[in-house]
Amino acid sequence: MSKEKSEFLDVDPNFATKAIHVGSEPEQWHSWAMVPPISMATTFKQMSLDNSKGYEYGRLDNPSRAVLQKCLAALDEAKYGLCFASGLGAMTALVSLFNSGDHVVCGDDIYGGTNELLREVVSRLGIEISYVNTTDVANIAKAIKPNTKLIYCETPTNPTLKVTDLRKVAELAKSKNILTAVDNTFLTSYFQRPLNLGIDVVLYSLTKYMNGHSDAMMGALVTSNEEIYKRLKILQNAMGIVPSPFDCAMVTRGLKTLAVRMREHMSNALKVGQFLEKHPAVEKVLHPGLPSHPQYELTKSQTSGHSGMLSFYLKGGLEESRKFFKAIKIFALAASLGGVESLAELPTLGAHLHVPAKQKAEQGITDNLIRLSVGIESIDDLLEDLDQALKAATS
Ligand code: P1T
């Protein structure tokens, strides 16, 4: 275990074992295959009119999906997991729990696509949304109304890595009987388990770290609340936002290396963060694992480490950013995050393109804010690449 890591909460000591074995038990298959067979069937023979072997129709359930859902639940120490066709598919199901006239308090710094879904679709359906800075729980308390049904946030946020105190959010919501949900995409269940901090539902874009290889698109909701699970299970089927069995098998395989990958992402990103903080071409680094982060202590109290995500302000503006992206060689200019390969993007023209300009300005999503998803390549190569690109950007 690295020195940095010992400062944080203990990682679940059984995590890697669960990630490799739970849901994949060979004895459940006739062949005792060590790797779950992919079940592509869309329909399943019924034993009689009122008796099945557990599966009926592919949208309702599927053995490859069941394997993954069981593993996801175990990793969050939850009772239930449900997979969806994408992270936004999972969000669509979550917000569909609510009705026209209901009110949602939402973090103001969230993935641009989630922001667009809430503004362009959910608001139009009559669900009112208040965007607040959740880093101060008092802002959430102020925004709560008699019809508030959900408090939702990301922590750390995409792309400015702000951290919300999940214990305080859960305590406030419970006192008012409001459901809480947290997007845990950046940290994964390896580094942060919001349900253990009192949160009701955890959302994932499995497209990112959980799969880890940028080759499957999927989302998930995880909960121990039986009533919410039953309603979400109905929505998963009724809305038809289900993943393919093949993609489920891909993510099941990805999870088996989640623990080792996350340790490498953490180590590389911390070194990148420390390097950038000292670089003359860099104005400021946003990384919750660096003592310079305003919520460094809070982070240590609710997570057991960090992912490969960090952002930084380059000295200069759009012109310098363009030069940086032109110069990078190992880091690729690309959307998304959480794969083994290093990616860089400019949120204001990428993942947050459609976020209203005012909201972007308030969040500090400027022309010189660059987001990195630090992969698990050799660290010296990554630092060398960044160094030459930063020099090219500011020369
Ligand atoms: O892309 P999808 O699987 O639908 O997941 C959406 C999503 C949800 N939550 C967070 C925190 C995310 O970052 C994302 C997707 N994000 C990107 C594609 C991106 O480049 O930030």
Could you check the stretch 37-51 and list, in sequence order, the residues that are touching a residue at least 12 places away in the same chain (Cβ under 8 Å) and open to solvent by 70 Å² or more (accessible area, probe 1.4 Å)? Ile38, Met40, Thr42, Thr43
Within the bounds of the stretch 208-220, is there any residue that is without any contact (Cβ under 8 Å) to a residue 12 or more places away in the chain and of a type in the set (D, E, K, R)? no
Residue tally, condition away from the ligand (no atom under 16 Å from the Cβ) and under 21 Å from Leu337 (Cβ atoms), over the stretch 54-75: 1
Answer from Ile241, Ile234 - the residue that is among the β-branched types (Val, Ile, Thr), assigned by TED's automatic domain parsing to the domain that holds Leu97 and away from the ligand (no atom under 14 Å from the Cβ): Ile234
Sort through Leu68, Leu49 and tell me the only one that's closer than 13 Å to Cys248 by Cα and hydrophobic (A, V, I, L, M, F, W, C). Leu68
Test of understanding: among Gly54, Gly23, which residue is surrounded by fewer than 11 Cβ atoms within 10 Å (Cβ to Cβ), touching a Pro at 6+ places or on another chain (Cβ under 9 Å) and not in a helix (DSSP H, G or I)? Gly54
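For the stretch 202-295, give me every one of the helices (runs of 4 or more DSSP H) that falls completely inside it and has 3 or more residues that are under 16 Å from the mean Cα position of the chain (by Cα).
245-255, 258-278
How many residues are among the polar types (S, T, N, Q) and either more than 17 Å from Gly364 (Cα to Cα) or part of a helix (DSSP H, G or I) (or both) when one looks only at the stretch 114-163?
The number of residues fulfilling the criteria is 7.
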Which listed residue, of Ile365, Ile330, is among the β-branched types (Val, Ile, Thr), surrounded by 15 or more Cβ atoms within 10 Å (Cβ to Cβ) and closer than 25 Å to Ile110 by Cβ: Ile365
Could you tell me which numbered condition Met250 fails, if it satisfies all but one of (1) more than 13 Å from Gly87 (Cβ to Cβ); (2) within 16 Å of the ligand (Cβ to nearest atom); (3) open to solvent by less than 10 Å² (accessible area, probe 1.4 Å)? (3)
Of (1) in a loop (DSSP other than H, G, I, E, B); (2) over 19 Å from Asn158 (Cα atoms), Ile365 satisfies every one except (2)
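The values are calculated or read from the model by the stated rules, or taken from the named source; none is laboratory data. Predicted, not measured: the structure shown is a model, and the values here were computed from it. A quick note on method: Cβ atoms are made from the backbone with ideal geometry, for glycine too, and the neighbour counts reach across all protein chains shown. Surface accessibility is based on the protein's heavy atoms, side chains included, excluding ligands, DNA and RNA. Shrake-Rupley method; radii C 1.70, N 1.55, O 1.52, S 1.80 Å.
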